[in-house]
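Here is the structure we will look at.
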Amino acid sequence: MKYGQPNWEDTIVALATPPGIGAIGMIRLSGPAAIDIVDKLFPSKSLSEQPTHTAHVGLIREGGQVIDEVVVTLFRGPRSYTGEDVAEVSGHGSPYVLQQLIDAFLRNGARLARAGEFTQRAFLNGRLDLAQAEAVADLIASNTAASQKNALNNIRGGFSQDLRMLREQLISFSALIELELDFSQEDVEFADRAQLYHLVTEALEGTTKLADSFRLGNVIRNGVSVAIVGKPNAGKSTLLNTLLNENRAIVSEIAGTTRDTIEEILNINGILFRFIDTAGIREHTSDQIESIGVERSLEKMRQADVVLYLFDANTMPAEELLVNKRAFDEQGFQYLLVGNQVDKGEEALMRDRYAAATPILFISAKQQLHINVLRDRLVDMVLGGKVQTEDTVVTNARHYQSLRQIAGALADVRQALDARLPGDLLALDIRRALHYLGEITGEVSNEDLLDYIFSKFCIGK
Ligand code: GDP
């Protein structure tokens, strides 16, 4: 099969709902014969004569034998998910019955869909661009409100819209340049250099902003790793339990999570926080040797995106806290100093004593004081207050790479402008930027890339 030739002859079928027992299971068929194939097994009326976007209840029957009572929904192309004729057959959610239905459709001319083939057809029929198609996979994989919102935004074309704007900027830029090239004999500078400079700077800013959002995108997709460290008896396991009691996230698996350490996962405001090496916190014994503890903590802190340094605010010498703080600064950690056990003393005095150590906050893990403040600070640390949740966020590593290439090409253009290089050299860099832009939306693509992207989908999508 060739890509770029969307007129396939064959009709594909797959279970669209998860395998296993459910109230309802849905089987989807797409392709020129989708409606005819179901029609052959649907004696109560002629589906081929029914209008698009209608639902029909009836029996699926093959060779005199009833398989199931179903609801068939018809979507005629191009007004369907794939752009082809689509029939969705909802049956009773027994894996056995659903398999019988699929087998019957296969015997009557359909073939099993490959992973992602429905969405792939939608892409090749121009129903979605590549960035949108990939967002479908993200949405299916999303496990927090934030990742869901972001994927939905991208399916609706939020990201693609930003790219279109960028593309328009680049095209108007190259139009000015080309105009100048046409008149090169006459040695005039048509394209106003100041205007060009302004355009390319704007495009560069837009690209950089999108590329920068990838850090947040990664956070939304993969979560933030947090290390809770501190001396024995600071209250680490108490804090972990307090946090987990309210916010334990139900997640089956997160991409990129290392399996060799035990982690607890919290969902705070739609962002997943992974508390790493929690086994180390829990298994602590009273005779833990300090030096081993320190080395192990350092290792743990290096792995983490965020370090929570917990200390007993009744007993910790202020000088020692400052020494630790300086060490964290030197290591470049993103950290929060957390004074615990404030219920045992005067909080105001503690604030005074540790005034030189920032960023700091005070809690009681056991009495659950100021735990909200801690949660908010964690979220702030990640979002940095900079990113509006309405902004487009790049979550896809492939898009990130392309955006970096675009930014690189644009920076070259700007340099060329600074050096007053001739227009044909500028045009070359602009074309390079446009090429990478096309790679994201799928206007420039190759078969291997498409195969790779769609193979990550589950069957039935
Ligand atoms: P870890 O060694 O850092 O994990 O410390 P633990 O969580 O095991 O706590 C050590 C002791 O301090 C336990 O007896 C806890 O009940 C107690 N503790 C922890 N947090 C607080 C707190 O906020 N207030 C008080 N009063 N006791 C606490």
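Farthest toward the positive end of the dipole of the range 11-129, out of Ala113, Leu41, Gly64, is the Cα of Ala113, where the dipole comes from beta carbon charges about the Cα centre.
Per residue, the accessible area of the range 11-129 comes to 43 Å² when a 1.4 Å probe rolls over the protein heavy atoms.
Rg of the Cα atoms in the range 48-127, relative to 2.2 N^0.38 Å, amounts to 1.18. Inter-label distance, Arg111 to Ala23: 3.7 nm, where each label sits 7 Å from its Cα along the C-beta direction.
The values are calculated or read from the model by the stated rules, or taken from the named source; none is laboratory data. As the structure is a computational prediction, the values presented were derived from the model and not from experiment. With ideal geometry, Cβ positions are generated from the backbone for all residues, glycine too; neighbour counts draw on all protein chains shown. Only protein heavy atoms, including side chains, enter the accessible area calculation; ligands, DNA and RNA are left aside. Shrake-Rupley method; radii C 1.70, N 1.55, O 1.52, S 1.80 Å.
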